[in-house]
Each structure stands twice: as structure tokens, then as C-alpha cells.
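This report concerns only the one structure given below.
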């Protein structure tokens with residue numbers, strides 16, 4: 001994630017590093033190292049932190065033309081690079097000549113999901129305010145309560161080598177060049193879309209219906225089959241619920257066949273998605289235990305399924321815009337994600353700064369992206 005702020009002095013560098021160190025004492029797995037695919041060695045090794053100076057104006061150079069290739073220059077690890085085995089967290093703070101600053105935070109996904117990431121950034125910001133101008137940071141240690149919950153007591157570690165080797169959804173066109181573009185659906189357009197659908201769909205349900213319908217229409221090739229995949233947090237689904245700040249991937253991935261016929265209405269898609277999400281309840285979580293049927297289904301997944309995977313992930317309604325380091329809230333939050341794998345399709349959703357709209361970062365092939373941008377429903381409801 002990249003968070004953009006205006007009117008920031010570079011003199012804040014000391015407080016950022018100091019407060020980051022304080023915050024990591026509570027989120028200590030992030031400062032450790034992944035030993036293997038099953039555990040984290042919480043050895044306080046630390047995180048990767050880099051600062052950069054950017055000549056010029058943040059608004060003219062970045063905010064007016066937010067292309068993924070440009071945003072990648074603000075990242076501490078540039079695609080196709082990954083975080084090395086030495087770090088679970090990498091951060092780059094970029095200071096613009098105009099007084100703006102961009103803070104990019106990259107997590108190893110095996111350590112934290114979007115909910116954990118958003119709450120870590122918010123906690124770091126809160127601690128940074130407490131550290132501001134105070135060389136004795138003893139007061140900051142009480143700013144963030146201990147937030148690590150041992151999820152292994154709820155989900156005991158299991159050795160499942162099949163999860164590391166079983167590629168159920170192979171890349172159908174590995175040489176296909178993919179592009180990523182950002183589309184903005186403002187509050188009024190989403191309200192109009194929800195009104196057209198009727199039956200009170202949520203923002204996510206309405207966006208899912210629209211994007212699934214358009215994506216499967218413009219990308220369909222002869223013989224193609226599609227599979228929808230979207231994560232659902234289970235923190236509040238458990239009994240008792242666990243903290244939103246809990247480290248880990250405390251979510252389940254719903255994978256489902258959904259209608260792709262041109263006659264399929266948004267209402268039908270909303271009903272299907274609503275039914276799938278409502279299925280994730282306390283009983284569902286119990287079935288996801290180490291001996292539950294859900295994991296057995298994953299284990300039995302065949303390797304010859306040839307479908308185009310449409311991954312729709314929402315980071316909406318998370319406290320990205322509440323991360324105030326003492327300079328005010330972010331003026332913009334971005335997902336600088338570039339897609340490199342041919343065949344699969346991704347859609348990442350994020351709140352607009354006013355909290356009412358949605359930004360969609362979409363990865364398609366060049367040819368498919370041209371068709372997507374020209375689709376009448378995308379023209380009607382979004383701006384590019």
C-alpha cells in the first residue's frame with residue numbers, strides 16, 4: 001500500500017523510524033523471519049526501511065497520472081522482485097520537493113492479510129504522533145496495546161505439502177502481456193448502480209456484480225470457463241470474535257462457479273454472492289478446522305481444471321485513511337499492483353478518500369483492457 005500526504009517536513013524522519021521500532025515490539029512477527037512455509041522465527045531481526053528524495057511536485061508527477069509503473073518507483077521492492085527471505089516487512093518513505101510524502105508499506109502476504117496490514121499502519125501512525133518531539137519515547141510504549149493473538153491455538157499448524165505444490169488453476173497463456181489500470185466509481189454512480197439493482201445490495205455486492213459481468217463478457221474466448229475467487233474475513237465470524245488487529249491471514253477464500261451468460265442480471269449475481277458470503281458463519285469456521293471438510297476439499301482438488309480465475313479482493317472499509325502520522329489523514333491511498341501472469345484476472349477494490357466511492361485496480365491483457373474500457377456499463381459508472 002502507498003499512502004500519500006501533503007505538507008510534511010523531512011525532519012519527521014527520526015520520529016517515523018523511532019515509532020516504527022516501538023510499534024514492531026507489539027507486532028513482533030513482522031520483525032522476524034519465515035523459517036519455512038509453516039513458521040516464523042520471531043528473532044527481532046528487523047524490517048527493511050529506506051528513504052528517498054523525489055524532485056518535483058507530487059500532484060503533477062503522481063496524483064494526476066497514477067500509473068502502476070510510476071508508482072512502482074515509490075516501492076522498496078520493485079516487481080518482479082519479492083521481499084527476500086530476510087524480511088517480512090519493507091517500507092519506503094519518499095519525500096517530494098513540494099513537501100508531499102509517500103509511505104509505501106509492503107508485507108509478506110503469508111504474514112498478514114489486508115485487515116492486519118491496515119491496522120498495523122494505523123497503529124504505527126498513532127505511535128508516531130506520541131513519539132513526536134519526545135526523545136524519551138517511554139510514553140509511546142503504551143500507545144499501542146499488545147495486539148498479537150496466538151492464532152495457532154485456534155488454527156493449529158499442519159504440514160500440508162499439497163498446498164505448496166498443487167496448482168489447480170494453471171496459467172493458460174503465460175506469454176500474455178498484462179496491464180493494470182485504475183477505475184474510479186464515485187459515490188453518486190455507485191448509488192445509481194445500487195438503485196438499478198434493487199433489493200439493497202452493499203457496495204461490494206453491486207461492484208462485484210458489475211465487474212464480474214463485464215470482465216467475463218470482454219475476456220470470454222471459445223471454450224473458456226470462469227471461476228470466481230474472493231476472500232472473506234472470519235475475525236467477526238468466530239465465537240467469540242477475535243481482534244481486527246490479529247496478525248495472520250484470518251480469512252477464507254470463497255471459490256465458486258457463477259453465471260456468465262449475457263442474460264444474467266445483476267440481481268441474480270448479487271443474490272449468489274450474498275448467499276456465498278452468508279455461508280461463512282460460525283459453523284463454517286468450525287468446519288475449516290484441521291480435520292474439517294473444507295481443507296479436505298482443497299486437498300482433493302484436481303490439477304487439470306482449466307478455468308480462468310477471476311480474483312476479486314476488497315480492501316474497503318479498512319482504516320487506511322485513518323493513518324494520521326501527525327500531518328493529517330492521507331490525501332490518497334493506492335494499491336501499486338502490476339499483474340504479470342497471463343490467463344488469470346484480478347480486481348482489487350479500495351475506498352475513495354471520501355469513503356463513499358470505490359477505486360478498482362484491474363489487471364487484464366492489453367486487448368481485453370481496451371474492450372473493458374469501451375464497455376457501455378464501465379463508461380456509464382466509472383471514470384478512468
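Worth a mention:
- Flag for residue 298 being closer than 19 Å to residue 202 by Cα and modelled with pLDDT under 90: no
- All of (1) on the phi > 0 side of the Ramachandran plot; (2) within 22 Å of the chain's Cα centre (by Cα) hold for residue 34 with one exception: (1).
- Residue within segment 51-62 that is in contact with a helix residue (DSSP H, G or I) (Cβ under 6 Å, 6 or more places away or on another chain) and on the phi < 0 side of the Ramachandran plot present: no
- Index of the failed condition, residue 21 passing every other in (1) surrounded by 15 or more Cβ atoms within 10 Å (Cβ to Cβ); (2) free of Cβ contacts under 8 Å to residues at least 24 places away in the same chain; (3) under 25 Å from residue 348 (Cα atoms): (3)
- Yes/no for residue 317 being within 25 Å of residue 256 (Cα to Cα), part of a loop (DSSP other than H, G, I, E, B) and at pLDDT 90 or above: yes
- Any helices (runs of 4 or more DSSP H) falling wholly within segment 106-197 and containing at least 2 residues that are modelled with pLDDT of 75 or more and surrounded by fewer than 16 Cβ atoms within 10 Å (Cβ to Cβ): 187-197
- Set 206, 228: member being assigned to a strand (DSSP E or B), within 29 Å of residue 365 (Cα to Cα) and touching a helix residue (DSSP H, G or I) at 6+ places or on another chain (Cβ under 7 Å): 228
- Failed condition for residue 349, given (1) in contact (Cβ under 8 Å) with a residue 12 or more places away in the chain; (2) surrounded by fewer than 20 Cβ atoms within 10 Å (Cβ to Cβ): (2)
- Filtered by the rule that a residue be under 13 Å from residue 229 (Cβ atoms) and surrounded by fewer than 15 Cβ atoms within 10 Å (Cβ to Cβ), segment 252-281 gives 253, 256, 257.
- Checking residue 59 against (1) modelled with pLDDT of 90 or more; (2) in a helix (DSSP H, G or I), the condition it does not meet: (1)
- Checked against (1) in contact with a strand residue (DSSP E or B) (Cβ under 9 Å, 6 or more places away or on another chain); (2) in a loop (DSSP other than H, G, I, E, B); (3) modelled with pLDDT of 85 or more, residue 200 passes all but a single condition, namely (1).
- Residue match in segment 89-103 (condition: at pLDDT below 90, more than 21 Å from residue 361 (Cβ to Cβ) and out of contact with any helix residue (DSSP H, G or I) (no Cβ under 9 Å at 6 or more places or on another chain)): no
- When segment 24-33 is filtered for residues that are closer than 13 Å to residue 112 by Cα and out of contact with any strand residue (DSSP E or B) (no Cβ under 6 Å at 6 or more places or on another chain), the ones remaining, listed by number, are 27, 28, 31.
- Checked against the criterion of being in contact with a strand residue (DSSP E or B) (Cβ under 9 Å, 6 or more places away or on another chain), under 25 Å from residue 377 (Cα atoms), modelled with pLDDT of 90 or more and assigned to a helix (DSSP H, G or I), the candidates 214, 273 yield just one match: 273.
- Among the residues here, residue 44 qualifies as farther than 25 Å from residue 333 by Cα, surrounded by fewer than 19 Cβ atoms within 10 Å (Cβ to Cβ) and not assigned by TED's automatic domain parsing to the domain that holds residue 246.
The values are calculated or read from the model by the stated rules, or taken from the named source; none is laboratory data. Keep in mind the model is a prediction, meaning the values are calculated, not measured. Reconstructed Cβ throughout: ideal geometry from the backbone, glycine too, with neighbour counts over all protein chains shown.
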